[in-house]
Amino acid sequence: MSTTSITRLGGRIGAELGGIRLADDLPAGTVAEIRGALLAHKVVFFRGQDHLDEAGHEAFARLLGAPVAHPTVPSADGRYALGIDSHHGARANQWHTDVTFVPAYPAFSVLRAVTIPPYGGNTLWANTATAYAHLPEPLRVLADSLRAVHTNEYDYAALKPDALPEALAQYREVFTSTKFLTEHPVVRVHPETGERTLLLGNFVQRIKGLTGQDSRALIDLFQSHVERPENTVRWQWRAGDVAIWDNRATQHYGVDDSDDHERTLRRVTVDGDVPVGPDGVPSRLISPEAVPEPAFGIPSGASTVSV
Ligand SMILES: [Fe+2]
């Protein structure tokens, strides 16, 4: 009999799982329970996973799929652990889905808290499936028909005007060392649950076929439904916590309110597949011609498998 406890944190998103010590030797039944909870609740949290180091973190993540490297940012350990570090100048205080500027962006992200500030630094997640499901019918029909261009090249200075210019410039240079443009459907059909999800977030540049002004108005309209508090959950980190989210059905936001206190997390992402819209048309990489090879391993978004 399972000793796992599942405590829901909100009506539409989020659950804390208890009674599990994350490791690469978990029984298949426990892995299935975690995956099931992830698909149902979109983000799941585990307290007290202090035993995990970078190798253990990656090994556990492999139970959910093949780890992938960030397409442009070098890892913290020479393998798959991406550093989420308050000192590199660019913070994730914009709603986004990880790495949507490539077609097959990650299916899951596994985030482990190493150093947590004495206050602030929470993360919020939003359920993009319930955001779609609660749209009024005319807006669902409209969203179903749209496609959007995502890019990793956007104006960091506009997002974070008070960041140190030098650190920010350096991070931007690395982050955009290859400039990606990808066309996605605005509504993605989830490959495992069949749910329709809104695929937007801050890597969206414009809606295909519309002017800049009309694009912005529609992006803001649909994004405002994603961000409604009913669709969100907020997590107050402790060192040793692990959060895993279904990156195909969520957006997230790292709250930048812990002043200059150190905040360090590690993220391992697991390979995803190429999204398809309600009409079955897949996402496509506009440029460059292919996702370049990272220094180690396979890059996120390199998969060409369409489900
Ligand atoms: Fe992120």
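Would you work out the relative contact order for the chain, in percent, from Cα pairs under 8 angstrom that are 6 or more residues apart?
34
Distance in nm between label sites at Glu153 and Glu192, each 7 Å beyond Cα in the beta-carbon direction?
Simple spin-label model gives 3.4 nm for this pair.
In 20 Å bins starting at zero, report the fraction of Cα pairs in the chain per bin as a rounded %.
34, 61, 5
Given Gly83, Leu221, Val174, which one lies farthest toward the positive end of the charge dipole of the chain, if we put +1 on the Cβ of every Lys and Arg and -1 on the Cβ of every Asp and Glu?
Looking along the dipole axis, the top candidate is Leu221.
Starting from 0.36 nm per residue, how many nanometres of slack lie between Glu166 and Ser5 once their C-alpha separation is accounted for? Each step should come with its number before you reach the end.
Details: separation 161, 0.36 × 161 = 57.96 nm, distance 4.64 nm.
Length gained, Glu166 through Ser5: 53.3 nm.
Among all stretches of the chain without exposed chymotrypsin sites (Phe, Trp or Tyr not before Pro) (DSSP loop, at most 15 other Cβ atoms within 10 Å), which one is longest?
120-295
Of the options Gln94, Ala104, Gly194, report the single residue whose Cα projects farthest towards the positive end of the charge dipole of the chain (beta-carbon charges: Lys, Arg +1; Asp, Glu -1).
Result: Gly194, furthest along the dipole toward the positive end.
Per residue, how much accessible area does the chain show when a 1.4 Å probe rolls over the protein heavy atoms, in square angstrom?
42
Just to make sure I understand: if all protein chains stay in place, what is the order of Lys42, Lys179 by accessible area at 1.4 Å, largest first? Could you put the intermediate results ahead of the total?
Values: Lys42 5, Lys179 100 Å².
The ranking, largest first, comes out as Lys179, Lys42.
Please report the carbon-and-sulfur percent of the accessible area for the range 191-282; probe 1.4 Å, protein heavy atoms only, DNA, RNA and ligands left out.
Carbon and sulfur: 44 percent of the exposed surface of the range 191-282.
Based on DSSP H runs of at least 4 residues, each adding -39500 (n - 2.57), what is the mean residue ellipticity at 222 nm of the chain after dividing by all its residues, to the nearest 500 deg cm²/dmol? Please list the in-between numbers first.
Values: 7 runs with 66 residues, N = 307.
Taking each H run of at least 4 residues, the total per residue is -6000 deg cm²/dmol.
So what are the radius of gyration and Dmax for the Cα set of the range 200-307, in Å?
Answer for the range 200-307, Rg first and Dmax second: 17.3, 47 Å.
Kindly sort His87, His190, His225 by accessible area of their heavy atoms, largest first, with the probe set to 1.4 Å. Could you put the intermediate results ahead of the total?
Working: His87 110, His190 5, His225 30 Å².
So, going from the largest accessible area down, we get His87, His225, His190.
Using DSSP to call loops (not H, G, I, E or B), can you name the trypsin sites (Lys or Arg not before Pro) in the range 238-307 whose Cβ has at most 16 other Cβ atoms within 10 angstrom?
The qualifying sites are Arg238.
Quick one: divide the alpha-carbon radius of gyration of the range 9-97 by 2.2 N^0.38 Å and tell me what you get.
Numbers: Rg = 14.7 Å, N = 89, 2.2 N^0.38 = 12.1 Å.
So the range 9-97 has a normalised radius of gyration of 1.22.
At 1.4 Å probe size, what's the solvent-accessible area of Val233? Round to the nearest 10 Å².
The accessible area comes out at roughly 10 Å².
The values are calculated or read from the model by the stated rules, or taken from the named source; none is laboratory data. This structure is a prediction, so every number in the text was calculated from the model and none was measured. Every residue, glycine among them, receives a Cβ derived from its backbone with ideal geometry; neighbour counts consider all protein chains shown. Heads up: the accessible areas ignore ligands, DNA and RNA and are worked out on the full protein's heavy atoms, side chains in. Shrake-Rupley method; radii C 1.70, N 1.55, O 1.52, S 1.80 Å.
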